[in-house]
1. Please compute the modelled spin-label separation between Lys189 and Val127, points set 7 Å along Cα→Cβ, answer in nm with one decimal.
2. Which of rounded, prolate, oblate describes segment 155-259, given a ≥ b ≥ c as roots of the alpha-carbon gyration tensor eigenvalues and a/c under 1.5 marking rounded, otherwise prolate only if a/b is larger than b/c?
3. Give me the percent relative contact order of the chain, please, defined on Cα pairs under 8 angstrom at least 6 residues apart.
4. Rounded to the nearest 0.05, what FRET efficiency do Asp62 and Leu254 give with R0 = 30 Å and r taken as the Cβ-Cβ distance? Could you check?
5. So if each residue of separation counts as 0.36 nm, and I subtract the Cα-Cα distance between Asp214 and Ala81, what length gain in nm does that give?
6. Given a 1.4 angstrom probe, I'd like the percentage of the accessible area of segment 17-121 that is carbon and sulfur, rounded to a whole number.
7. Return the FRET efficiency for the residue pair Thr224, Asp164: r is the Cβ-Cβ distance, R0 is 35 Å, and the value is rounded to the nearest 0.05.
8. I need the calculated FRET efficiency for the pair Ala134 and Arg238, taking r as the beta carbon distance and R₀ as 22 Å, to the nearest 0.05.
Amino acid sequence: RAGSSAPPPSPGSTHRLVPDRPGTPRRFFFVHIQKTGGISLYMRMQRQFGREGVYPAPSDGDPDEVAPQLFTRILLERWRARRDEIRIVTGHFPLCTAELLNAEFTFLTVLRDPVERTLSYLRHHRVTTPKDRATPLEELYEDPPRFKMFIENQMVKMLSLDADEMTNGLMTPVDFDRGRLRKAKRALKDLDTFGLQEDLEGFAQELERRYGWDLGPPVHENATRPTPVPDSFRARIREDNPLDVELYEYARKLLRRRS
């Protein structure tokens, strides 16, 4: 269950790390799904834990040139170097990544309506990629590698991947079926705390209430301005990502029952 010691890495793994010493402060693992408001939370978490208490920190590498928020290899290297400093692991790492760290974590995540998440991802890509700034969102969406790695049922992937099948972090290609959705639902239900991007401040307040954090005032970072798209494009995104749609609706119902 979330909050308990993570299981050891899969047999044959080269990433076996020593467990924490007794009395180690509580650690957290934030599954940062792209375009769910995680950067805003990341900046507020630095207020609580300090810059070096949050992975990735500036010392872990430039986010553009090194991308410590993306690559498991870098996370493992930096974890060996400064695990005693890190109080919360963030970054775009699937939930199963925690198994490779061989430590005890409290698990958190935020989900977002999959259509809005996809549109936000496409707008962000267009802003940060000069050669694509004039490319229609629909055309960006239709790029097969981009769709497979960063869009297709991305939330289900992040919660359902196994460590032994993860070949390239969140960019690991997978085949989606109902079994993978069931696994993602179980994982979500077992997380210690999760929220929705549509009520990000409510989630932040829940973290403060539950764990005694002081995140300070809201931060609005890494956001893109919504642009009109045809209803047909929105419908297409929903049709192409049915497992994420169902997972998101499940999350909303679960939160309503818990509240």
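1. Going from the Val127 label point to the Lys189 one covers 3.7 nm.
2. Numbers: a/c = 1.66, a/b = 1.21, b/c = 1.37.
It is oblate, given that a/c is not under 1.5 and a/b is not larger than b/c.
3. Working: 367 pairs, mean separation 71.8, N = 259.
Result for the chain is 28 percent.
4. With R0 = 30 Å, the Cβ-Cβ based efficiency is 0.20.
5. Working: separation 133, 0.36 × 133 = 47.88 nm, distance 2.71 nm.
Contour length minus the Cα-Cα distance gives 45.2 nm.
6. Working: 1950 of 3900 Å².
For segment 17-121, the apolar C and S fraction of the accessible surface comes to 50 percent.
7. Numbers: r = 36 Å, r/R0 = 1.02.
Between Thr224 and Asp164 the formula returns 0.45.
8. Values: r = 26 Å, r/R0 = 1.19.
Efficiency, rounded to the nearest 0.05: 0.25.
The values are calculated or read from the model by the stated rules, or taken from the named source; none is laboratory data. In this text, all values refer to a predicted model and were calculated from it rather than measured experimentally. Note: ideal-geometry Cβ built from the backbone for every residue, glycine included; neighbour counts use all protein chains shown. Ligands, DNA and RNA are excluded from the accessible area calculation, which covers all protein heavy atoms including side chains. Shrake-Rupley method; radii C 1.70, N 1.55, O 1.52, S 1.80 Å.
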